[in-house]
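Below is one structure; the comments refer to it alone.
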Amino acid sequence: MRRIVASLSAVLMLATVTAVAQEKMKDPAKAGHEGMAKPGGATSDAAVIAKATSAAPPDIGRNAAVMGTGADGKMKELRAGTNGWMCMLDLAGDSMCLDKEWQAWGDAWMNKKDPPKPKNVGVAYMLKGDKGASNTDPYATKASADNQWVVSGPHIMILPTEVSQLDAYPTDWTKGGPWVMWKGTPYAHIMVPTTSMAKSASKAPAEKKAADKK
């Protein structure tokens with residue numbers, strides 16, 4: 001078990017260091033890409049591709065496949081990829097890039113079925129952060145008094161090969177390090193912040209317990 005945790009920690013550390021370093025690199029096309037996205041989200045295929053691929057380090061995003069929503073409301077491939085990664089925008093307009101393990105996980109989540117067991121440690125990038133999600137309900141769409149709504153800044157998501165590997169990490173996102181989202185559900189995974197966490201709409205587990213005792 002110690003070897004498994006050590007190996008997973010090494011993956012987390014390497015992913016974090018790589019993402020932070022590459023996030024600091026200046027992307028010459030950044031200003032143009034952001035200018036293409038109109039209020040309410042990207043509207044053209046080019047804008048969707050630019051916004052979606054911005055979730056990952058440049059060397060991953062530039063060669064990733066990109067999925068988008070067609071005129072019929074169904075997902076379609078906007079650009080073919082060559083490196084096995086897939087980038088897209090979620091329903092909230094947040095950008096993400098997923099490796100093959102995460103793509104299988106995403107299909108399971110969208111269809112509300114159990115995801116397959118990862119054969120390798122899965123990695124997904126959301127280096128632009130997100131607009132928030134519940135830490136207890138994988139399908140919540142807004143904050144409530146008890147669903148631990150978390151707004152995350154730039155982060156990496158890790159799928160371990162064994163559920164037991166999640167036990168080495170807390171569910172409290174306020175500690176500044178890796179934490180487990182959706183623990184106890186089939187969609188549990190590790191969140192790795194690459195910057196300081198933003199203030200969330202709900203209290204962290206430890207804060208909530210303290211408040212309940214008063």
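Quick check on the range 16-38. Is at least one of its residues in a helix (DSSP H, G or I), modelled with pLDDT of 95 or more, among the aliphatic types (A, V, I, L, M) and within 25 Å of residue 188 (Cβ to Cβ)? No; the residues of the range 16-38 include none that is in a helix (DSSP H, G or I), modelled with pLDDT of 95 or more, among the aliphatic types (A, V, I, L, M) and within 25 Å of residue 188 (Cβ to Cβ). Look at (1) farther than 19 Å from residue 103 by Cβ; (2) modelled with pLDDT under 95 and you find that residue 166 fails only one, number (2). Taken over the range 97-121, the criterion of being touching a residue at least 60 places away in the same chain (Cβ under 8 Å) and under 15 Å from the mean Cα position of the chain (by Cα) is satisfied by 105, 109, 121.
Let's see how each residue does on (1) small (Gly, Ala, Ser); (2) modelled with pLDDT of 95 or more; (3) open to solvent by 30 Å² or more (accessible area, probe 1.4 Å):
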{"site": "65", "(1), (2), (3)": "yes, yes, no"}
{"site": "76", "(1), (2), (3)": "no, no, yes"}
{"site": "102", "(1), (2), (3)": "no, yes, no"}
{"site": "121", "(1), (2), (3)": "no, yes, yes"}
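Would you kindly identify the strands (runs of 3 or more DSSP E) lying entirely within the range 64-121 that contain at least 3 residues that are in contact with a helix residue (DSSP H, G or I) (Cβ under 9 Å, 6 or more places away or on another chain)?
On the way: elements: 65-69, 75-79, 86-89, 95-98.
It comes to 65-69, 86-89, 95-98.
Taking the range 160-176, which residues are under 15 Å from the mean Cα position of the chain (by Cα) and farther than 18 Å from residue 137 by Cα? Please lay out each step first, then the result.
Step one: filter the range 160-176 for residues under 15 Å from the mean Cα position of the chain (by Cα), giving 160, 173.
The one that is under 15 Å from the mean Cα position of the chain (by Cα) and farther than 18 Å from residue 137 by Cα: 160.
Of the residues making up the range 172-182, those that are modelled with pLDDT under 95 and open to solvent by 40 Å² or more (accessible area, probe 1.4 Å) are 174, 175, 176. Can you spot a residue in the range 124-144 that is more than 22 Å from residue 88 (Cα to Cα), touching a Lys or Arg at 6+ places or on another chain (Cβ under 9 Å), part of a loop (DSSP other than H, G, I, E, B) and not polar (S, T, N, Q)? Checked the range 124-144: no residue is more than 22 Å from residue 88 (Cα to Cα), touching a Lys or Arg at 6+ places or on another chain (Cβ under 9 Å), part of a loop (DSSP other than H, G, I, E, B) and not polar (S, T, N, Q). Given the criterion open to solvent by 20 Å² or more (accessible area, probe 1.4 Å) and over 14 Å from residue 193 (Cβ atoms), identify the matching residue among 114, 130. Unique residue meeting the criteria: 114.
For (1) open to solvent by less than 40 Å² (accessible area, probe 1.4 Å); (2) closer than 22 Å to residue 49 by Cβ, each residue gets a yes or a no:
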| site | (1), (2) |
| --- | --- |
| 85 | no, yes |
| 93 | yes, yes |
| 105 | yes, no |
| 139 | no, no |
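The values are calculated or read from the model by the stated rules, or taken from the named source; none is laboratory data. Note that the structure is a prediction, hence the values are computed from the model and not measured. We place every Cβ from the backbone using ideal geometry, glycine too, and count neighbours over all the protein chains shown. We work out accessible area using only protein heavy atoms, side chains counted, and drop any ligands, DNA or RNA first. Shrake-Rupley method; radii C 1.70, N 1.55, O 1.52, S 1.80 Å.
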